[in-house]
Amino acid sequence: MSVELIHALDQLEKEKGINKEVLIEAIEAALISAYRKNFGSTQNVRIYIDRLSGEVKVYAIKKVTANPKDDLHEISIEDARKIDKNLNENDMLEVEVTPRKFGRIAAQTAKQVVVQRIREAERGIIFDEFYNKESDIVTGIVQRHERRNVIIDLGKAEAILLPTEQTPGEQYNFNERIKTYIIEVKKTTKGPQILVSRTHPGLVKRLFELEVPEIHDGTVEIKSIAREPGSRTKIAVYSKDPNVDPVGACVGQKGTRVQAVVDELRGEKIDIIRWSSDPKEYISSSLSPAKVVRVDVDEEVKSAKVIVPDYQLSLAIGKEGQNARLAAKLTGWKIDIKSESQLRATIEQGLLNYNGNYKYEDNDDSEGSEDL
């Protein structure tokens, strides 16, 4: 050990941000184990590294006693007072026992400790960096497949795209550049474990924030997102500025902004809906592209009954109920869709009360109805 070590630790502190004193204390602790291992001693020892010269000294801690029986742990009062005249029985004394060849062992141990601490510090820095990026988008390169997981290289670290977070139908090819959404960053002994997603609604939200300046600066706000990954997404937007059209801002000139998001999601369809504080208006818009004739709402149970033209019924419900299902997720309302002819049939059956409100029977299994 030498002054070069101290200079090296000073440099590490500047470059890596690792506290020099913490490193020295770690080396001192490691040297205690190294001393006992190499010299087979059971002594209670303390190791001190001079902060200026780098010199290492080993001190055995002994108890002052009148009749010492164990030379490793005890020292006579007479011998103790040769070192310090003020010592009395039962006091503790540190006696230097530095071995001649301990410098080489100390240098090896110091190197191991420093390397380990550098790795830990670098892992900590990487963890902090990506932990602060949770709920954000990162761009990486597909590195390999491990079982059903996709490993993505983010530069300083690797991310894991689990099967449950992979979009149905998407292929992830080697060396392909891809955007993913960080859902969680965990600290492990091997470094940070970064879990990413291609299915999370937050991916759509962040992509729009990147493409639409009005969303980025807060003029346009994304109120809600409902997504079925790889197939269709509905997004409800609202403008704080009456002079800014939120839907037009998200679509962009000739659809360039929304198309950029669609391309990144590999063709996933996106419906952009104008959010409204009026439930009837909001629910009506949420069923876009279908046209709605009438909406009746029950505020208490958050249930809505929607009437659409006959030729719009299949469009309103969507393939396998997808459009209605996404509308229900987007608005948070239970939606029951019926066509005008189904409404007329209901009226003819005498199920219309005097107030003009519809009474739907619990066993209503009319074809084409979608209850979410």
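Data for the structure
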{"quantity": "Some residue of the range 113-125 being closer than 16 Å to I49 by Cα and touching a residue at least 24 places away in the same chain (Cβ under 8 Å)", "calculated": "yes"}
{"quantity": "Helices (runs of 4 or more DSSP H) wholly inside the range 1-103 containing at least 2 residues that are touching a strand residue (DSSP E or B) at 6+ places or on another chain (Cβ under 7 Å) and under 23 Å from A121 (Cα atoms)", "calculated": "20-39"}
{"quantity": "Members of the range 313-324 that are out of contact with any helix residue (DSSP H, G or I) (no Cβ under 9 Å at 6 or more places or on another chain) and touching a residue at least 24 places away in the same chain (Cβ under 8 Å)", "calculated": "S314, G321, Q322"}
{"quantity": "All positions within the range 262-305 that are at positive phi and assigned by TED's automatic domain parsing to the domain that holds K334", "calculated": "K302"}
{"quantity": "G169, sole failed condition from (1) within 30 Å of Y238 (Cα to Cα); (2) touching a residue at least 60 places away in the same chain (Cβ under 8 Å); (3) not assigned by TED's automatic domain parsing to the domain that holds T256", "calculated": "(1)"}
{"quantity": "Residues of the range 127-146 satisfying the condition of being without any contact (Cβ under 8 Å) to a residue 60 or more places away in the chain and part of a strand (DSSP E or B)", "calculated": "V138, T139, G140, I141, V142, Q143, R144, H145, E146"}
{"quantity": "Every pair of residues 6+ apart whose Cβ atoms lie under 7 Å, when the first sits in the range 42-59 and is assigned by TED's automatic domain parsing to the domain that holds A8 while the second is surrounded by 16 or more Cβ atoms within 10 Å (Cβ to Cβ) and of a type in the set (D, E)", "calculated": "R46/E94; I47/E28; Y48/E28; I49/E28; Y59/E94"}
{"quantity": "Lone unmet requirement of (1) exposed (fewer than 14 other Cβ atoms within 10 Å of the Cβ); (2) farther than 26 Å from K20 by Cβ for Q116", "calculated": "(2)"}
{"quantity": "Residue identified as more than 25 Å from L207 (Cα to Cα) and either in contact with a His (Cβ under 6 Å, 6 or more places away or on another chain) or modelled with pLDDT under 90 (or both) among D365, D296", "calculated": "D365"}
{"quantity": "Single residue of the range 291-310 satisfying the filter (assigned to a loop (DSSP other than H, G, I, E, B) and surrounded by 15 or more Cβ atoms within 10 Å (Cβ to Cβ)) that is farthest from the chain's Cα centre (by Cα)", "calculated": "P309"}
{"quantity": "Residues located in the range 55-71, provided they are surrounded by 13 or more Cβ atoms within 10 Å (Cβ to Cβ) and either within 23 Å of F39 (Cβ to Cβ) or within 56 Å of the chain's Cα centre (by Cα) (or both)", "calculated": "E55, V56, K57, V58, Y59, A60, I61, K62, K63, P68"}
{"quantity": "Odd one out for D136 among (1) touching a helix residue (DSSP H, G or I) at 6+ places or on another chain (Cβ under 7 Å); (2) at pLDDT below 90", "calculated": "(2)"}
{"quantity": "Residue list for the range 268-292, filter: among the hydroxyl-bearing types (S, T, Y) and in contact with a Cys (Cβ under 9 Å, 6 or more places away or on another chain)", "calculated": "none"}
{"quantity": "Any hit, the range 189-198, residues being charged (D, E, K, R), modelled with pLDDT of 95 or more, under 15 Å from I272 (Cβ atoms) and surrounded by 15 or more Cβ atoms within 10 Å (Cβ to Cβ)", "calculated": "no"}
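Each row is one residue, and each column tells you yes or no for (1) within 27 Å of D278 (Cβ to Cβ); (2) crowded, with 18+ Cβ neighbours inside 10 Å; (3) assigned by TED's automatic domain parsing to the domain that holds K329; (4) in contact with a Pro (Cβ under 9 Å, 6 or more places away or on another chain).
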residue: G218; (1), (2), (3), (4): yes, no, no, no
residue: K234; (1), (2), (3), (4): yes, yes, no, no
residue: V237; (1), (2), (3), (4): yes, yes, no, yes
residue: P242; (1), (2), (3), (4): yes, no, no, no
residue: P246; (1), (2), (3), (4): yes, yes, no, no
residue: Q253; (1), (2), (3), (4): no, no, no, no
residue: R257; (1), (2), (3), (4): yes, yes, no, no
residue: A260; (1), (2), (3), (4): no, no, no, no
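The values are calculated or read from the model by the stated rules, or taken from the named source; none is laboratory data. This is a predicted model, so every value here is computed, not measured. Heads up, the Cβs are rebuilt from the backbone with ideal geometry, glycines too, and the neighbour counts pull from every protein chain shown.
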